[in-house]
Every structure is written in C-alpha cells, then in structure tokens.
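**Q** My questions will all concern the structure given below.
The values are calculated or read from the model by the stated rules, or taken from the named source; none is laboratory data. Quick caveat, the model's predicted, so the values are computed rather than measured. So basically every Cβ, Gly included, is an ideal-geometry build from the backbone, and we count neighbours across all protein chains shown. Please note that ligands, DNA and RNA were not included when accessible areas were found on the heavy atoms of the full protein model with its side chains. Shrake-Rupley method; radii C 1.70, N 1.55, O 1.52, S 1.80 Å.
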Amino acid sequence: MEWLHQLFSRSPEIALFLSLAVGYYIGKIQFGKFQLGGVAGSLLVAVLVSQVGVTVDPGVKSVLFALFIYAVGYESGPQFFNSLGRQSIREIILAAVLAITGLATVVVMAKLFGLDKGLAAGVAAGGLTQSAIIGTAGDAINKLGLAAEEVQRLQGNVAVGYAVTYVFGSFGAILVCVNLLPKFMGRSIRDDAVRAETAMQGGVQVRAPGQEAAAPDLVGRIYQIGEHAGLTIGQLEQEHAAHGITIERLKRDGKIIEVAPELTLEPGDIVLAVGRRQAMVGIVPVFSKELYAVEGMELTMERRDVVLANKAYHNRTVGDIRANTSQQVRHGIYVVQILRMGKVLPMLDETVVQSGDVVSVYGSEQDVKRISSLIGYVVVPSAKTDFVYLGAGLVVGLLVGLLTARIGSIPLTLGSGGGALLSGLLFGWLRAKRQTFGAMPNGAVQILKDLGLAGFVVVVGLSSGLQAVQTVEQQGLTLFGVGVVVTVLPLILTMLIGRYVLRYDNTAVFAGALSGSRSANPAFGEVLDKAENAIPTVPFAITYALANVFLTLLGPLIVALV
C-alpha cells in the first residue's frame, strides 16, 4: 500500500474523486429494498481509502460545505420565508427534543460505562456531529480548576471521543433519516415530497423538467374552412374569447393572406388556428376537415416568463383583467402559469395578481414581445451564473458565521454553515423578488449541492477515518458502541415524538426536519436526493439553525453533569 500512500501524498485530490466515483457506484447497488445512497457510499469508501494515509487541507471541506449549504438556501429562500410563522412551532419543539434526548443519552451512557468528562463530551460532539461541542466543552473543562495535566488529558479525550464517533455519527443519521424513517412512516420520501408539493401549489399540477401532458391544453391545428364560412376572423375569435382561440395564418388560393379581424372566411380557406383545447373542440364544426401539413403555414410559438411590473394590474383578479382587457390587446396571447415567489397560483377568476408575480405567456414572437412590454419585463433565460451575486452571498454568509453571542461564558455562533444557509435563503428570496440580477440556473444549483455535499463528506472520511480506526483499535469497541447509541437513540426517540406527539404525517417534511435537528448535513443531502424536489429544505433550515445553538450548549452541560 506504500505506492498508494505516495500517490495520494502527491495528489490527494485523486483520493477525493476516487472516493466519489466508487462511493456513488456502491450507493446505487440495491440490497433488497435497501439502498445505501451516494453520500453514505462515498463516506464509507473515503474511510477505507484513508487507511493508506491521506492528508487533505481542511479548507477544502469548508469551501465545499459552504457551497452546498448556500445553494440549498438559495433554492429554497422564497418558500422558506413564505412558510415562517406559527406553523414553524413543530420544528422548534423537534430541535429542542433532540437536544434534550441527546444530552440525556450521553450522560446515561457516560455513567454506565465510566467515561470521564472529556470522553463524554467528545462522544457527544462526534455522535451528534456537532463539532462546536469540542470548543464549548474544552472551555468548560478549562474552568474546572483542575491541574494543568488533568485539563490537558481531558481536553485530549474530547478529541479522542470525537474521532472515534464522528464517522458513524454521519453514517447513522443517514440510516435513520433515509432508510428507517420511511419504513416507520409507511411511505417513501419521494411520494410524500410530490404530495406536499402538489398541496403547496394549491392542487395545481407541477411537472418536472422534461415532462409534458399527453394532451396539452394549448394546441395548434390546420383546418380547411367548410360550408359554415361567412364569419369574419374577428367574429370567430370573439365567439370563443372565453377560452381563447386565434387564427394565426390563412392561405387562400395557394397564397398566404395577412390575417385581419375584418377578413371574412371563405369556403376552401386553410387556416392555422391556435388555442386552448376546449375552444378547439367547440370550433370544429366551422371547419370541413383537418390537414396534416400545408406549405407556408408553419409558425413558431414561444413561451416566456414575464415579471408583472405594470402597477395597473397590481392587486386585480384574473377575471377582472380578462374581462376589462380589449380583444386587440389579448389577441394571440395565452397565460399558462402564474408564479409568486416560486409557488404556482391557480388560474382562477378570483386569483389576485401582484407586482413581482411571474406570468408565463405563450404566443407568437411578435405577440409575446407586445404583451411583455405592456405588463413588465421578460426574464431572460441564461445558462450563466451571476458570480457577483453568488460571491457576495457567500461572503455575507461567512461573515455572519463569524459573529458570536455569549450566554454567560458560553459562545454561541451560527458557524460558516449556518451563516451560509441564512445568506442563501435571503439571497434566494431577493432573487425571486427581482429577477433582473442574481441568476443561478437550476443545473448550477444542483452541481453545487451534489458536489459540495459529497465532497464535504469524502473529506471528512479521508481526514478522520484513519484516526478513528486506530483509536478504536487502541480503546476497544466500547467507545465506538457508545457513539452508536448516542447517534441512533436520540434520533429514534425524536422520531417517535415527532410522529405521535407533534403529528408529522409527511415523510419528506419529517425527514428534513429530523436531519436538521441533528445538524446532519450528509443525511439531509440524501433526503434531498430521494425527494427530488426542495420540499424537505424548509423544515431542515429551521431545525438546522436551532440545532447549531441547542447542540452547542450541550458541551458545558455534559462537563457539569458527568
């Protein structure tokens, strides 16, 4: 193995990407109904790779995690701020329950197995994956008035307990939140994530990228006018104005004729009609037959997202706007969706629109340009990330993470992770409010989340794996076993209280809240992967912020109680 050690010493990044590749491959393997997942697989492989000796700059871990947690916040900012309020009380209680059960478990296990204050605090830091406990416990030990040698020994034991238990602390949280919780709830994370998303959208069906209806609402057809000719184009369109239909092209005697409202349709005319399916079905008797393809009748339609900025439409209902907008203005334009802060609004007459709403319009290029200039501005699709906005968001988040408040002598801080998450939520919300800046395409958000989390977990495994295994060999399996209990038992107790007392009934929401209450970032990453949408993020963001405070406070409490 010496050659591997030399290779990884020269290029530790090889160890990182090797762990990612092999870990994700292993994570895809099905063991019956159980699947490890890419994050857990990468962690296991990284621990194995670490046994040959790998040194990774700890700054890499910090950068990767900051990118991951900021991207999570950015994606979920609008939904997060819309969800704040009385309904967040469950998440507050859940985070408190896990901290209390975690404290009780550590104290009881320390008494049963004769762990000193240092080892107990280290087990808490590793088993609950809250590194800040190391600092608060070490500071509390320093104030016990013990001899310098004893203080040094106990503080060293904090590091030992942490090293032995941290790897399973990450892995065990994945097992509980991703594998055990769905079995306990009787439903998968993905199914409940879809259910929650549908409920959040008010029953409006939201399709994933690449999905479309087999029978779309908006259709285009080429017809030949039959014996029911005699109507003008304007009359025909006016008869079906409620559901919308427009004649976009007309061919007569082999020639394309400019479409005008006053133009009378004649038998044999060939028209390209575009409209909603309901209107199309009703207008069929006017035509003699449908044609497949006619030269010169080709027309490209487009869909554009337009931000409502014209105050004339602010706080008006859809029905009011539809009834009081002239046919000339509405001609050729179909509103297919309205979003507010990422949430799809139902297309009902009583739905009220507001400035800042994103209106998705469908029509020909010239019609879309005309209506866009009237109601606001087009959100220009871009595959490029606004790195000014991204960089500013990360800087703000990391600066917030440096801020420290004190309860007596106990320092409390969000840390870089909590700061980046908070900043991501805020900057994502601002982007949704004003979409002329701060672009970050979905693909960019996804790669930051995937690479950031998986890379962070791999660096943890590469950095701590060798020391953890060596310590277990020296100390025996007792300390490791205690760490397993500290990792799993509080999660299970909190899961039971969350289900039967707090009445969590959605697996995806519950998994997000549970992983956040343990500040279990790898577990949350797997939950997001299983959900395939952002539903778990809001409860995670609330409990994660609270866990950073509650769990940090455990350090001096454990030192005092053990």
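**Q** Select, from Gly332, Gly363, Gly319, Gly401, the only residue that is under 27 Å from Ser76 (Cα atoms) and either open to solvent by less than 40 Å² (accessible area, probe 1.4 Å) or in contact with a helix residue (DSSP H, G or I) (Cβ under 7 Å, 6 or more places away or on another chain) (or both).
**A** Selected residue: Gly401, the only one of Gly332, Gly363, Gly319, Gly401 that is under 27 Å from Ser76 (Cα atoms) and either open to solvent by less than 40 Å² (accessible area, probe 1.4 Å) or in contact with a helix residue (DSSP H, G or I) (Cβ under 7 Å, 6 or more places away or on another chain) (or both).
**Q** Being among the aliphatic types (A, V, I, L, M) and modelled with pLDDT of 85 or more is the filter; apply it to segment 521-534 and report the residue that is nearest to the chain's Cα centre (by Cα).
**A** Leu528
**Q** List the pairs whose first member sits in segment 178-203 and is open to solvent by less than 20 Å² (accessible area, probe 1.4 Å), whose second member is part of a helix (DSSP H, G or I) and at pLDDT below 90, and whose Cβ atoms are under 7 Å apart, counting only residues at least 6 apart or on separate chains?
**A** The qualifying pairs are Val178/Ala523; Val178/Glu526; Val178/Lys530; Ile189/Lys530; Ile189/Ala531; Ala193/Ala531.
**Q** Right, something else. It is to be established whether one or more residues within segment 497-510 are at pLDDT below 90 and at positive phi.
**A** No, the conditions are met nowhere in segment 497-510.
**Q** Between residues in segment 1-17 that are surrounded by 12 or more Cβ atoms within 10 Å (Cβ to Cβ) and residues that are of a type in the set (Phe, Trp, Tyr), which pairs lie under 8 Å by C-beta distance while being six or more apart or on different chains?
**A** Pairs that qualify, where the first residue is surrounded by 12 or more Cβ atoms within 10 Å (Cβ to Cβ) and the partner is of a type in the set (Phe, Trp, Tyr), are Ile14/Phe8; Ala15/Phe8.
**Q** Of Leu430, Leu422, Leu394, Leu374, which residue is closer than 20 Å to Gly452 by Cβ, open to solvent by 50 Å² or more (accessible area, probe 1.4 Å), touching a residue at least 60 places away in the same chain (Cβ under 8 Å) and not in a strand (DSSP E or B)?
**A** Being closer than 20 Å to Gly452 by Cβ, open to solvent by 50 Å² or more (accessible area, probe 1.4 Å), touching a residue at least 60 places away in the same chain (Cβ under 8 Å) and not in a strand (DSSP E or B) holds for just one of Leu430, Leu422, Leu394, Leu374, which is Leu422.
**Q** Determine which single condition Ala260 fails, assuming it passes every other condition in (1) open to solvent by 60 Å² or more (accessible area, probe 1.4 Å); (2) at pLDDT 75 or above; (3) of a type in the set (A, V, I, L, M, F, W, C).
**A** The one condition Ala260 does not meet is (1).
**Q** For segment 477-562, give me every one of the helices (runs of 4 or more DSSP H) that falls completely inside it and has 3 or more residues that are within 15 Å of Gly172 (Cα to Cα).
**A** Those helices (runs of 4 or more DSSP H) span 478-500, 507-517, 521-531.
**Q** Can you pull out every residue in segment 442-454 that is closer than 19 Å to Pro381 by Cβ and open to solvent by less than 30 Å² (accessible area, probe 1.4 Å)?
**A** Ala444, Val445
**Q** Looking at (1) at pLDDT below 85; (2) of a type outside the set (Val, Ile, Thr); (3) open to solvent by 80 Å² or more (accessible area, probe 1.4 Å), which is the one condition that is false for Leu236?
**A** Among (1) at pLDDT below 85; (2) of a type outside the set (Val, Ile, Thr); (3) open to solvent by 80 Å² or more (accessible area, probe 1.4 Å), the lone unmet condition for Leu236 is (3).
**Q** For segment 293-319, which residues satisfy the criterion of being in a helix (DSSP H, G or I) and in contact with a strand residue (DSSP E or B) (Cβ under 9 Å, 6 or more places away or on another chain)?
**A** Selection gives Tyr313, Val318.
**Q** May I ask you to verify whether Val336 is of a type in the set (Val, Ile, Thr), part of a strand (DSSP E or B) and in contact with a Leu (Cβ under 8 Å, 6 or more places away or on another chain)?
**A** Here the answer is yes, as Val336 does meet what is asked.
**Q** Kindly evaluate Ser76 against the criterion of being in contact with a Pro (Cβ under 8 Å, 6 or more places away or on another chain), of a type outside the set (D, E, K, R) and part of a helix (DSSP H, G or I).
**A** no
**Q** While we're here: How many of the residues in segment 106-135 are in a helix (DSSP H, G or I) and open to solvent by 10 Å² or more (accessible area, probe 1.4 Å)?
**A** Result for segment 106-135: 11.
**Q** Where the second residue is modelled with pLDDT of 75 or more and part of a strand (DSSP E or B) and the first is basic (Lys, Arg) and lies in segment 275-294, which pairs have Cβ atoms under 6 Å and are six or more apart or on separate chains?
**A** Arg277/Val219; Lys289/Gln224
**Q** Kindly indicate whether Ile89 is assigned to a helix (DSSP H, G or I) and open to solvent by 30 Å² or more (accessible area, probe 1.4 Å).
**A** yes
**Q** If the requirement is being open to solvent by 40 Å² or more (accessible area, probe 1.4 Å), closer than 29 Å to Gln435 by Cα and of a type outside the set (S, T, N, Q), which of these qualifies: Lys311, Lys289?
**A** After applying the criteria, what remains is Lys311.
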